[in-house]
Amino acid sequence: SGIFRYATDRGYPLALAQTMAMNTLVVLEIFHLFFIRNLHGASLTWAAARGTKVVWAVVATVAVAQSAVTYLPPLQAVLGTRPVPLMDGLLILAIGAAFFALIEIEKQIRLGLKG
């Protein structure tokens, strides 16, 4: 992934670059979940944000599990992960938000062409 190359270009250890790539994939999947929940309308509405409690529970569970895998030393030792620096974590979230914006814009264009 691009974030892996970014990390290796900055001289980060391989384990950190891999951890950042894994975190990026998880963030992208979470944003994609919010996109696909409403394929026939805008994803950024109050009704869409409320969604179902199960979706929010799953997102919270995934976020906690991903944080544990990334930041808890016992899990780092078992899985070979490394803690992601704050600014790089924010970059990963920004990549997820940009991805969401792009796919949401595409959806709105597609829906506009149908209507």
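Region 4-39 and region 51-115 have their alpha-carbon centroids 8 Å apart. Take each peptide in 7-16, 104-113, count the other Cβ atoms within 10 Å of every residue, and average; sorted highest first, the result is 7-16, 104-113.
Normalised by the number of residues in the chain, the average gap of Cα pairs under 8 Å and 6 or more apart makes the relative contact order 36 percent. Translational diffusion of region 1-42 was estimated from the Stokes-Einstein equation, with Rh taken as the Kirkwood radius over Cα pairs; at 4 °C and 1.567 mPa s the coefficient is 113 µm²/s. Quickly work out the M87-to-A49 label distance, labels modelled 7 Å from Cα along the C-beta direction, and quote it in nm with one decimal. If labels sit at A49 and M87, their model points lie 3.1 nm apart.
For the chain, the carbon plus sulfur part of the accessible surface works out to 73%, probe radius 1.4 Å. In the context of the full set of protein chains, residues of region 1-104 present 61 Å² of accessible surface per residue (probe radius 1.4 Å, heavy atoms only).
The values are calculated or read from the model by the stated rules, or taken from the named source; none is laboratory data. From a predicted model like this one, the values you see are computed outputs, not experimental measurements. In this analysis, Cβ positions are derived from the backbone assuming ideal geometry, glycine residues included, and neighbour counts consider all displayed protein chains. Heavy atoms of the whole protein, side chains included, go into the accessibility calculation; ligands, DNA and RNA do not. Shrake-Rupley method; radii C 1.70, N 1.55, O 1.52, S 1.80 Å.
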